[in-house]
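The values are calculated or read from the model by the stated rules, or taken from the named source; none is laboratory data. Values in this document were obtained by computation on a predicted structure and should not be read as measured data. Ideal geometry is used to build each Cβ from the backbone, glycine not excepted, and the neighbour counts take in all protein chains shown. SASA here: full protein model, heavy atoms, side chains in, ligands and nucleic acids out. Shrake-Rupley method; radii C 1.70, N 1.55, O 1.52, S 1.80 Å.
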Amino acid sequence: MITRESPLKQLKGVGEKTAQLFASRGVDTVGDLLDFYPRDYEWFAAPVTVDQLKAGETASVVLTILGAGRTAYAGKYRITSFRAADATGAVRLTYFNMPYLAKTLQAGTIHVFRGTVRKFQNGNLQLEQPSVYSPAEYEKLQNTYLPCYSLSRGMKNGQVQKLVMKALASCFLSEDYLPEEDRRRLSLMEEKEAAAKIHFPGNKDELIASRNRKVFDEFLSFLLTIRRQKRAELSLVNTRPMVLSEETGKLIGSLPYELTDSQKKAWKEIEADLTGNRVMNRLLQGDVGSGKTILAFLALLLCAANGRQGALMAPTEVLAEQHGKDLCAMTKEYDLPLHPVLLTGAVTGKTRRKVLDEIRSGKANVIIGTHALIQDLVEYHDLGLVITDEQHRFGVRQRETLAGKGKETPVLVMSATPIPRTLSIILYGDLQVSRLTELPKNRLRIKNLAAPASERGKIYRFILSQIAEGRQAYVICPAVEENGMEQMENVTDYAENLRKMLPDTVRIAELNGRMKPSEKSRIMDAFAAHETDLLVSTTVIEVGINVPNATCILIENAERFGLSQLHQLRGRVGRGQWQSYCIFLYSETLKEKPKRLSILEKTNDGFEIAEQDLKLRGPGDLFGVRQSGEMGFHLADIYEDADILAKASSYADEVLERNPDFHGDGLREVDFRSI
């Protein structure tokens, strides 16, 4: 019998190679596959005529091929084009690196073409890389949704669709954990039906209903876990309170700047927690650049001064290495009683064994790293403090696992993602909250501009003027490489085009999440050392990267990002003494400037942006910008799904009121039927 726990290879047709491909996307079991949710859906609407085509839209049209196809060369591309028409007009069909179509699409044949419409300056229309169907094939697809998945190199969307169908047909799915009466009361789809409809909805209503059910499940599991944790921690006595140390006061007095009032207040709260009679479980929430890191270092210093070890866990190796370098430099400059070590996946061999020995013996009193810090092989001598940076990138269980490496370990979690107060009360219900509401006094306000992509030339000239003054710049693209019909800028081609376009004196590098950690670190180190002037990157630089000399960031296809993510990206500049600029470029096919970009032009206040994000998107905006990613949810979005979050919160209270002895982590361990 195939269950959710069965290895993927148990599905018919899945061999070793296919299993490895899916494993690269985190899909190892049949359950992982069912939870491998589509990133988007294609709606197969009824075909339109040529005279109804509109530039920038995706459309289907029945066309007759006029004459033979032609193939031309443009750099690394072979462009094959055709002329096609219906009774209302003609259109050009263009394909990249698909010369074989010249034999397949023969003159006089009729097909249904589906793709994005483009308009030339002379008014002629073009379909770029359109899919091709026979009229009979398209008739079967018409008025349906088909899932589009996030793929690794070598994977095909159709392949994923077929495997999901096999899994749904053969996997045993247990009975819904929610009683039918509760499902009706909560207006939720049945669990088995939602598992199928989230992948293959018959219509828009089914898609929304299935997603709502999955989102509810994610929120409920999360909320039950953190509320169980809070109940346990309320009774957790700090049996080893720390004592105040003059070392922290010396460091504060030696810094080349004065802490802001909100930093001073937050530090007093952290200090009181660590020296108090209850085990600390605190969130340090502050906007990008508000100075959370120095407070984390002060907490680690207090811990070390008390003869214990402190651990700082970052979500990426690049950020962990940056924290390590910053703390080592500070240790040397201010003669701090610290012996910091770095532990990430990139630390291997003799170096790794040495680091593990120093952690085990207690010689290392500050340990900075990634998820490597929670591996079984890591044995702490006396872990007295756990800090997680960028809290929303870690699940609650990961945080608990690291804290479990010590005894009654105090926890400080940090987040640069401002969340509306109404949602914060629900999401951070297990934590005491300290907020940093000010930026350092020497920081200049970032100047913002949202402009159509047609202004790109002017923007390049401005970036060059910044580089000429000795500054550096980022360019952010939403994709790594060219991706068929997806009309968005990609890092690979963008960097290549800039090298051709800009003077040879401009040093350009590119960065993306597919690179090996060592390569990413090398590129970021070179940028931080001003060995490069312009870094073309995906959003891998979103979290915590600190290069004070970078004063300009250009975000391409800005309409494809959410408000919170755009604000995080903007935080990569404005970290030094010079005036900084953030430029949001949006598609010139849009009729007007997106509202979210207008908001970002007007304010740099992350908390205000978070409130506006909640109002702007609202619940149920399924077909807008997808997934904010806060709290590590796979599908749920705290902004778009705020109403479901509130519903799940109420139901979690109901569950715990009726089941006060609940101690499990999984939904199926709750006796829901006794409610």
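Observations on the structure shown:
- Over the C-alpha atoms of the stretch 226-297, the Rg to Rh ratio, Rh being the Kirkwood estimate, stands at 1.02.
- Hits among lysines - C-alpha to C-alpha of Lys76 under 19 Å, sequence gap 8 or more where chains match: Lys500
- Length released on extending from Ser170 to Glu333, taking residue separation times 0.36 nm less the Cα-Cα span: 52.4 nm
- The chain, accessible surface, carbon-and-sulfur percent (1.4 angstrom probe): 50 percent
- Residue order by solvent-accessible surface for Phe22, Phe200 is Phe200, Phe22, largest first, with ligands and nucleic acids left out and a 1.4 Å probe.
- Anisotropy class of the stretch 162-275 from Cα gyration tensor, a/c 1.5 cut: prolate
- Descending semi-axes in Å of the stretch 1-149, equivalent ellipsoid built from Cα gyration tensor: 37, 19, 15
- Radius 10 Å from Cβ of Ala364, net charge of other residues (Lys, Arg +1; Asp, Glu -1): +1
- Between Gly13, Ala84, Pro99, the Cα set farthest toward the positive side of the dipole of the stretch 1-103 (charges on each charged residue's Cβ, about the Cα centre) is that of Pro99.
- Looking at the chain, the accessible area is 45 square angstrom per residue; that uses a 1.4 Å probe and ignores ligands, DNA and RNA.
- Over every Cα atom in the stretch 487-605, the radius of gyration and the widest Cα-Cα span, Dmax, amount to 14.6, 43 Å.
- Highest to lowest packing among 580-590, 325-335, 443-453, scored as the average C-beta count within 10 Å: 580-590, 443-453, 325-335
- Residue-level accessible surface for Trp43, protein heavy atoms, 1.4 Å, Å²: 100 Å²
- Under 16 Å of direct C-alpha separation, and excluding same-chain neighbours fewer than eight residues apart, Lys268 reaches these aspartates and glutamates: Glu246, Glu247, Glu258.
- Cα convex hull of the chain - mean projected area over all directions, nm²: 32.0 nm²
- For the stretch 557-604, the Kirkwood hydrodynamic radius from C-alpha pairs, put into Stokes-Einstein at 25 °C and a viscosity of 0.890 mPa s, yields a diffusion coefficient of 211 µm² per second.
- Considering only the chain, percent of DSSP beta bridges that pair antiparallel, nearest 5: 40 percent
- For Lys264, the lysines whose Cα falls under 29 Å of its own Cα, not counting residues fewer than eight places away in the same chain, are Lys230, Lys250, Lys292, Lys325, Lys332, Lys407, Lys441, Lys447, Lys602.
- The mean of 1/r over all pairs of different alpha-carbon atoms in the stretch 408-482, once inverted, gives a Kirkwood hydrodynamic radius of 17.5 Å.
- Ellipsoid semi-axes in whole angstrom, largest first, where each is sqrt(5λ) of the Cα gyration tensor of the stretch 313-394: 17, 17, 13
- Average projected area [Cα convex hull, the stretch 80-236], square nanometres: 16.7 nm²
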